[in-house]
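Structure first, commentary second.
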Amino acid sequence: MDWNKLINEDQLEQLNVNSHTRPQLIYKHSTRCGTSSLIRNRLERATVPAGMDFYFLDLIAYRSLSDKIAQIFGVKHESPQVLLIQNGKCIYHQSHGAIYMEEIAAESMRA
């Protein structure tokens, strides 16, 4: 899996623009959390849906960016967490052990 590292608000704005042509997934990861590592490994071992961009946000290094994401998309911050963005809106989000690539892929097809 090729992660795009999400490190600034300019990237977040571009991600939002890109969401109008293809789904964008944000994965919020804590480098201090064992559950985050487990979920990251689960995502990286799964079959990656075609036509979707994947963003990795290190919550320890970029917590203010995580707060901005929560504000823009109206989704309370959790860790680990995924947000699926399409047409400028969060159409699906999940946290902790409930994160599965199969569900993310299915949700991207519904929108």
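The values are calculated or read from the model by the stated rules, or taken from the named source; none is laboratory data. Fair warning: this is a prediction, and the values are worked out from it, not measured in the lab. FYI the Cβ positions are ideal-geometry reconstructions off the backbone, even for glycines, and counts take in every protein chain you see. In case anyone asks, the SASA skips ligands and DNA or RNA and just uses the protein heavy atoms, side chains included. Shrake-Rupley method; radii C 1.70, N 1.55, O 1.52, S 1.80 Å.
Quick notes on this one:
- On a per residue basis, the chain carries 53 Å² of accessible surface, using protein heavy atoms and a 1.4 Å probe.
- Within the range 11-36, backbone nitrogen closer than 19 Å to the virtual label 7 Å beyond the Cα of GLN71 toward Cβ: 11-17, 28
- About its Cα centre, the chain has a charge dipole of approximately 220 debye under the convention of +1 per Lys or Arg Cβ and -1 per Asp or Glu Cβ, with nothing else charged.
- Counting charges near ASN4 (Lys, Arg +1; Asp, Glu -1) among other residues having Cβ under 15 Å from its Cβ returns a value of -3.
- The chain, accessible surface, carbon-and-sulfur percent (1.4 angstrom probe): 46 percent
- Estimated FRET transfer efficiency when R0 is 22 angstrom, pair ASN18-HIS96 (beta carbons, to 0.05): 0.25
- In the range 28-111, the trypsin sites (Lys or Arg not before Pro) that fall in loop regions by DSSP, at most 11 other Cβ within 10 Å: ARG32, LYS76
- FRET efficiency for the pair ASN8 and ALA106, taken as 1/(1 + (r/R0)^6) with r the Cβ-Cβ distance and R0 = 35 Å, rounds to 0.70.
- The chain - convex hull of the alpha-carbon atoms, volume per residue in Å³: 86 Å³
- The chymotrypsin sites (Phe, Trp or Tyr not before Pro) of the range 27-85 include none that meets both conditions, a loop assignment by DSSP and at most 15 other Cβ atoms within 10 Å of the site Cβ.
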